[in-house]
Structure formats: C-alpha cells, structure tokens
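See structure below.
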Amino acid sequence: MRRTEALRALVRETHLEPGALIYPLFICPGEGVRKEISSMPGVFNISVDEAVKEAEACAALGVGGLLLFGLPAEKDEKAKGAYAHDGIVQQGLRAIKSNRKLDSLVTIADVCLCEYTSHGHCGIVARDGDHYEIENDSSVKLLAKTAVSLAEAGADIVAPSDMMDGRVEAMRDALDDAKCDNTPIMSYASKFASAFYGPFREAADSAVWIAQITDPPGEGEGIAVAPLPSGYLHATVLDPDMTKVWVEHFSRPTAAREKIPPARMFGGGGGNRTRVEGFADPCLSHSATPPGPCVMHGGG
C-alpha cells in the first residue's frame, strides 16, 4: 500500500494542511511595533495593528487559528493585565474579531499569569521571610477571571497553560456564570521539563526568579499522566488537551488519551526548529534546540 502516491494517499491517516495549524501571536503595546525575538528568528513581538496584518496573512494562507499571548505595558504581583478589560490580548481579540476578513480564523487566548506577573510565575506568590510558595486557590480565582475576560473580548477558545489544581473546573463555572457557556477550554497542562520553553520566556519577557517545577522527561505511561493536575482525569468540563513538549514526547498523548477518552490531543513546541544555543532548563544539564515559530497541529 506504499507503492504509489495514489495508494499512500488512499490509506493516509494523518493529513497535515494549513487548516490544521495554529499560529502564535505575541502582542505588545504600541503601534507599528515589530520587535524580533532573538531566540526565534522570524518571530516578533508585535503591536495590535501589526497583529491584524499578520492575521490577515494567516487567513490568506488558510491557517486554521491563532494563539494569542500578551506582553503588558506594566507587570505586577497580581497579574492585573491578564484580566483587565483593556488588556493587551483583549485589545488584540477585539481588533481581530472586528475584521470580517479574519472570520475563518479560530482565536485561542492563552490563559496564564506568568506574562503579567512581575515575578514571572503562573500564580500568586506568598512570601514568609526567605520562604516562597505559589498559592493554588487564589491563583485559580484569577485564572478563572482571566478566562472570562478573554472570552468576553472574543476568544473562541480559552487555553490555560498553567498547572494549578482545579483551574479547569473553576474556569468552566466562571464562564458559565458569565453566559460564556459555549466557550471551549483547551488545556495544556501536561507539560514536561525542557529547554524548549526558553524562547517563550524571552518572547513573553517572563523569566522566573524562584525555582519552578515541571515534570521530568521520563518514560512510560505513569510519567505521561503524572503531570496532569489533580482532578484532571475525572474532569468532564475539559474540551481538547495539548501535551508539551510534543517533539520530545510523542508517546505521551497515547498514554494520556487512554485515561481521557473524550479529549482531542494536540502537540506543541515541535515545528520549524531553529538552532539556538544556551537555553538550559533548570531541570536538565544540557542545552537544547528550541523551536522556531511555535506551530501546532491537531492530532487524531
């Protein structure tokens, strides 16, 4: 069945086409801004007006969707820019949704606090002398508030990328209460320690200043499911799920999908790899090759 192109096309299970791709936009304040991200040549921090131009190019190419990240003008310990009505991603969403040329694009908004906190972490940091702890419950409340703000600004999908326990259910409840009950939640909580996150930290200007835990890149089904937050496997409110870093963990979605049959699995952080030295993950002892444009494609 592999002898000719026609035979291969007949039995091919996976079709990679523009409509299956999601393109990231890193939106920042200003006008006419296109600041190249040094660790991802060809990828830029861009202002809202430039993001609309980029979106138009994506729509013309038949790309399926956009994943929006934000760089606020100011950061603070409560991540106020994440859920502000006039937040930078909220502005981007409204501009994109007001352009009828972009109706073919699915808008996905990243829900996390790390881009908006002064300390670069995905939650509220409590301090007691020299002891620091990321508070789960207070962080979840802000994440749910952020999800509602983004949905009301026009996001077709909200995509939490933190790893707080209980946040998917909290977001679903908050979205339903805000009459955004048709807004899906695409979680990417199954995250493994990797130097591939380095370029994103530069793009979002969100380097952390205390140790942050991600799961080690181990082997086997237990490791595949272990990163999922508490209650995740039993959550009926989750729509798609995305595993990161996909390029290093091809077997993970298979093992996780056996535990979460309804979820559609996605892979992140594996396309257009550009050689950049020097991004060493704190959990690893070597440098690695981060990705270029962070394209993702749907899995079966």
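Values as computed for the structure displayed
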{"quantity": "Pairs with Cβ under 9 Å, 6+ apart, first in segment 40-61 and among the hydroxyl-bearing types (Ser, Thr, Tyr), second surrounded by fewer than 19 Cβ atoms within 10 Å (Cβ to Cβ)", "calculated": "Ser47/Pro29; Ser47/Gly30; Ser47/Glu31; Ser47/Gly32; Ser47/Val33; Ser47/Arg34"}
{"quantity": "Test: residue in segment 173-181 that is modelled with pLDDT of 90 or more, buried (at least 20 other Cβ atoms within 10 Å of the Cβ) and under 26 Å from Ser104 (Cα atoms)", "calculated": "yes"}
{"quantity": "Answer from Asp156, Asp110 - the residue that is buried (at least 19 other Cβ atoms within 10 Å of the Cβ), acidic (Asp, Glu) and either in contact (Cβ under 8 Å) with a residue 40 or more places away in the chain or under 19 Å from Gly65 (Cβ atoms) (or both)", "calculated": "Asp110"}
{"quantity": "Search result, residues across segment 91-125 that are in a loop (DSSP other than H, G, I, E, B) and within 14 Å of the chain's Cα centre (by Cα)", "calculated": "Cys112, Leu113, Cys114, Glu115, Cys122"}
{"quantity": "Among the residues listed as Leu10, Leu61, the single one being surrounded by fewer than 20 Cβ atoms within 10 Å (Cβ to Cβ), over 30 Å from Gly123 (Cα atoms) and either modelled with pLDDT of 95 or more or of a type in the set (Ser, Thr, Tyr) (or both)", "calculated": "Leu61"}
{"quantity": "Residue match in segment 36-49 (condition: in contact with a helix residue (DSSP H, G or I) (Cβ under 6 Å, 6 or more places away or on another chain), at pLDDT 95 or above and surrounded by 17 or more Cβ atoms within 10 Å (Cβ to Cβ))", "calculated": "yes"}
{"quantity": "Residues satisfying the stated conditions in segment 7-35, i.e. in contact (Cβ under 8 Å) with a residue 12 or more places away in the chain, out of contact with any helix residue (DSSP H, G or I) (no Cβ under 6 Å at 6 or more places or on another chain) and part of a strand (DSSP E or B)", "calculated": "Leu21, Ile22, Pro24"}
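The values are calculated or read from the model by the stated rules, or taken from the named source; none is laboratory data. Fair warning: this is a prediction, and the values are worked out from it, not measured in the lab. As a convention, Cβ positions derive from the backbone with ideal geometry for all residues, glycine included, and neighbour counts pool all protein chains shown.
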